[in-house]
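Colleague: Just passing along the structure, written as C-alpha coordinates.
The values are calculated or read from the model by the stated rules, or taken from the named source; none is laboratory data. Keep in mind the model is a prediction, meaning the values are calculated, not measured. For accessibility, only protein heavy atoms count, side chains too; no ligands or nucleic acids. Shrake-Rupley method; radii C 1.70, N 1.55, O 1.52, S 1.80 Å.
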Amino acid sequence: MRAGPEKALARVISSFGEARPHTASVFANKRANRVKVLICDGFGIWLAARRLHQGRFVWTQLRTGGAVSIDAEQLEALVAGLPWQYAA
(Lines give C-alpha, C1' and ligand atoms only; values in the text may rest on other atoms or scores of the structure.)
Protein backbone atom coordinates (compact mmCIF):
# COMPACT_ATOMS: atom_id res chain seq x y z
CA MET A 1 0.00 0.00 0.00
CA ARG A 2 3.01 2.28 -0.23
CA ALA A 3 2.70 2.55 -4.00
CA GLY A 4 2.29 6.00 -5.46
CA PRO A 5 0.58 6.76 -8.77
CA GLU A 6 3.52 5.71 -10.95
CA LYS A 7 4.12 2.40 -9.17
CA ALA A 8 0.39 1.58 -9.18
CA LEU A 9 0.24 2.38 -12.89
CA ALA A 10 3.28 0.14 -13.50
CA ARG A 11 1.52 -2.73 -11.67
CA VAL A 12 -1.58 -2.30 -13.84
CA ILE A 13 0.50 -2.27 -17.03
CA SER A 14 2.53 -5.32 -15.99
CA SER A 15 -0.63 -7.26 -15.10
CA PHE A 16 -2.94 -6.27 -17.95
CA GLY A 17 -0.56 -5.01 -20.65
CA GLU A 18 -2.02 -1.49 -20.70
CA ALA A 19 -3.96 1.05 -18.70
CA ARG A 20 -7.04 1.83 -20.75
CA PRO A 21 -8.68 5.27 -20.52
CA HIS A 22 -11.87 5.56 -18.45
CA THR A 23 -11.03 2.58 -16.26
CA ALA A 24 -10.33 2.20 -12.57
CA SER A 25 -8.05 -0.33 -10.87
CA VAL A 26 -8.59 -1.08 -7.20
CA PHE A 27 -5.88 -2.33 -4.84
CA ALA A 28 -6.43 -3.51 -1.25
CA ASN A 29 -4.17 -4.43 1.64
CA LYS A 30 -4.26 -7.87 3.31
CA ARG A 31 -6.45 -6.71 6.19
CA ALA A 32 -8.94 -5.22 3.69
CA ASN A 33 -9.25 -2.01 5.69
CA ARG A 34 -7.50 0.15 3.06
CA VAL A 35 -8.00 0.51 -0.68
CA LYS A 36 -6.43 2.60 -3.40
CA VAL A 37 -8.23 3.37 -6.65
CA LEU A 38 -6.16 4.23 -9.72
CA ILE A 39 -8.27 6.02 -12.34
CA CYS A 40 -7.07 6.59 -15.89
CA ASP A 41 -9.18 9.38 -17.38
CA GLY A 42 -7.54 9.68 -20.79
CA PHE A 43 -5.57 12.82 -19.83
CA GLY A 44 -3.66 11.46 -16.86
CA ILE A 45 -4.08 9.33 -13.77
CA TRP A 46 -5.71 9.85 -10.39
CA LEU A 47 -4.88 7.87 -7.25
CA ALA A 48 -7.35 7.96 -4.38
CA ALA A 49 -7.00 6.17 -1.05
CA ARG A 50 -9.57 5.26 1.57
CA ARG A 51 -9.14 3.71 4.99
CA LEU A 52 -11.86 2.27 7.21
CA HIS A 53 -11.38 2.78 10.94
CA GLN A 54 -13.89 0.01 11.68
CA GLY A 55 -14.80 -3.01 9.61
CA ARG A 56 -13.41 -4.17 6.29
CA PHE A 57 -14.00 -3.61 2.63
CA VAL A 58 -16.04 -6.37 1.03
CA TRP A 59 -13.54 -7.87 -1.37
CA THR A 60 -13.69 -10.45 -4.12
CA GLN A 61 -12.44 -13.99 -3.54
CA LEU A 62 -10.09 -13.53 -6.50
CA ARG A 63 -6.69 -12.69 -5.00
CA THR A 64 -4.38 -13.43 -7.92
CA GLY A 65 -4.66 -10.04 -9.60
CA GLY A 66 -7.12 -11.09 -12.28
CA ALA A 67 -9.62 -8.66 -13.76
CA VAL A 68 -13.09 -8.29 -12.29
CA SER A 69 -15.48 -6.03 -14.18
CA ILE A 70 -17.80 -3.88 -12.09
CA ASP A 71 -19.95 -0.90 -13.01
CA ALA A 72 -19.88 2.59 -11.50
CA GLU A 73 -22.56 1.81 -8.91
CA GLN A 74 -20.69 -1.27 -7.72
CA LEU A 75 -17.45 0.76 -7.50
CA GLU A 76 -19.23 3.35 -5.33
CA ALA A 77 -20.51 0.57 -3.06
CA LEU A 78 -17.04 -1.02 -2.84
CA VAL A 79 -15.37 2.26 -1.88
CA ALA A 80 -18.10 2.96 0.69
CA GLY A 81 -17.40 -0.43 2.30
CA LEU A 82 -20.73 -1.96 1.26
CA PRO A 83 -21.34 -5.39 -0.32
CA TRP A 84 -20.81 -4.32 -3.94
CA GLN A 85 -21.69 -7.71 -5.46
CA TYR A 86 -25.40 -7.00 -4.92
CA ALA A 87 -25.42 -3.41 -6.21
CA ALA A 88 -26.90 -2.64 -9.63
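Colleague: Using just the helices of the chain, give the 222 nm mean residue ellipticity in deg cm²/dmol: DSSP H runs with n ≥ 4 each add -39,500 (n - 2.57), and the total is spread over all residues, rounded to 500. Don't jump to the answer; show the numbers that get you there.
Modeller: Values: 2 runs with 21 residues, N = 88.
Estimated from H runs of four or more residues: -7000 deg cm²/dmol.
Colleague: On to the next question. Per residue, how much accessible area does region 1-55 show when a 1.4 Å probe rolls over the protein heavy atoms, in square angstrom? Provide the component values of the computation, followed by the final result.
Modeller: Working: 4070 Å² over 55 residues.
Accessible area per residue: 74 Å².
Colleague: To continue, here is another question. With a 1.4 Å probe and all protein chains left in place, how much of the accessible area of the chain comes from carbon and sulfur atoms, in whole percent?
Modeller: Numbers: 3380 of 6450 Å².
Carbon and sulfur: 52 percent of the exposed surface of the chain.
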